[in-house]
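Reading through the structure tokens given below for one structure.
The values are calculated or read from the model by the stated rules, or taken from the named source; none is laboratory data. The structure presented is a predicted model; accordingly, all values stated were derived computationally and were not measured. Reconstructed Cβ throughout: ideal geometry from the backbone, glycine too, with neighbour counts over all protein chains shown.
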Amino acid sequence: MKKDLLGFAEMKPADFEEIWQRTARLKKMLKEGREHASLQGKTLGMIFDKSSTRTRISFEVGMYQLGGIALFLNSRDTQIGRGETLADSARMMSCYLNGIMIRTFAQESVEELARYASIPVINGLTDLLHPCQILADLFTIREKKGSCEGVKVAYIGDGNNIANSWIEAATCLPFELALACPEGYDPDCRIMAENKKVGKERVRLYRDPFDATRDADVLYTDVWTSMGQEAESQERKTIFTNYQINRKLLGVAKKDAIVMHCLPAHRGEEITADVIDGSQSVVIDEAENRLHVQKAILEILI
């Protein structure tokens, strides 16, 4: 039976552990210059409805390093952009490829693609979720803190796809998540409700960033205006003014707290330059780990 990675709702702690153990092994092999072409002769189709830097590079380079081939498929240049149904595309691509990664707007599109494809489908980002990013983030926390267990993550900013995936992860794993979002910009209510439904008390929502950040091990943020929200940019800058990771906010976290950002960053908005470029920032390590984590995902699924 094929496996997909659409989000974390169906995952168990053992699934996360399998990915991270394989990630550590693949990262070590790459650093040591050891051959690890486990996907030789395999092909990954990469469908992009949204622009990308880290997702495209990490999946494309990852497939190359594993011995396979990645095909960049811009929806505007394929029949999907001319009205071919996702169901037909999924069935057809399953004849040619060994896996599909899709970066798009609607979570429903990813789920429909997975429903009709007979090959694994990976969610490279939707407006609702970004599971590949959070897997890399949690792996980075394990590297820096030794474990995710008992760690407090303070997420400051928009309750977007990153926040939603953090909540899904906290529903599965034993770390504490404190989110600070302006009123009206909360994470998805269904994902929050699911967290409460399963009886987890590790996710809390605050309005005051200082309340969320107090004694945090990790400070995390994302841009105030995501792709597709550009028309709201000026309004959001006003609303999110106090939701910035800066030296003052960092001062209420633990002294050895690390700072994370999924990138791209808008210095001077959601985070100040001195913090993202400072000694407590692990942003570049976090970005590098996208490559290693996604290679593990590709090996496991393909």
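Details
- Residues that are closer than 22 Å to LEU249 by Cβ and out of contact with any Leu (no Cβ under 7 Å at 6 or more places or on another chain) were ranked within region 160-180; the one that is surrounded by the fewest Cβ atoms within 10 Å (Cβ to Cβ) is GLU176.
- Selection from region 243-270 of residues that are surrounded by 15 or more Cβ atoms within 10 Å (Cβ to Cβ) and either touching a Gly at 6+ places or on another chain (Cβ under 8 Å) or at positive phi (or both): TYR243, VAL259, LEU263, GLU270
- Count of region 248-270 residues which are assigned to a loop (DSSP other than H, G, I, E, B) and within 21 Å of GLY150 (Cα to Cα): 7
- Taken over region 17-51, the residue count meeting the criterion of being in a helix (DSSP H, G or I) and among the polar types (S, T, N, Q) is 2.
- Options LEU6, LEU97, LEU86; residue that is under 22 Å from the mean Cα position of the chain (by Cα) and not β-branched (Val, Ile, Thr): LEU6
- Taking the criterion of being crowded, with 20+ Cβ neighbours inside 10 Å and either without any contact (Cβ under 8 Å) to a residue 24 or more places away in the chain or in a strand (DSSP E or B) (or both), the residues of region 74-105 that qualify are GLY99, ILE100, MET101, ILE102, ARG103.
- Residue that is surrounded by the most Cβ atoms within 10 Å (Cβ to Cβ), among those in region 220-240 that are assigned to a loop (DSSP other than H, G, I, E, B) and aromatic (Phe, Trp, Tyr): TRP224
- Boolean, ALA216 is surrounded by 22 or more Cβ atoms within 10 Å (Cβ to Cβ), in contact with a Lys or Arg (Cβ under 6 Å, 6 or more places away or on another chain) and more than 20 Å from GLU269 (Cα to Cα): yes
- Of the residues making up region 3-48, those that are in contact with a strand residue (DSSP E or B) (Cβ under 8 Å, 6 or more places away or on another chain), assigned by TED's automatic domain parsing to the domain that holds THR104 and buried (at least 20 other Cβ atoms within 10 Å of the Cβ) are LEU44, GLY45, MET46, ILE47, PHE48.
- ILE245 vs. criteria under 22 Å from ASP277 (Cα atoms), in contact with a helix residue (DSSP H, G or I) (Cβ under 6 Å, 6 or more places away or on another chain), of a type in the set (A, V, I, L, M) and in the same structural domain as GLU269 (by TED's automatic domain parsing): yes
- Residues (surrounded by fewer than 23 Cβ atoms within 10 Å (Cβ to Cβ), in contact (Cβ under 8 Å) with a residue 40 or more places away in the chain and not in a helix (DSSP H, G or I)) located in region 271-293: VAL282
- Enumeration of residues in region 216-227 that are closer than 16 Å to CYS262 by Cβ and not β-branched (Val, Ile, Thr): LEU219, TYR220, ASP222, TRP224, SER226, MET227
- Listed by position, the helices (runs of 4 or more DSSP H) contained in region 107-219 that have at least 3 residues being over 21 Å from LEU301 (Cα atoms) are 131-145, 161-172, 189-197, 209-213.
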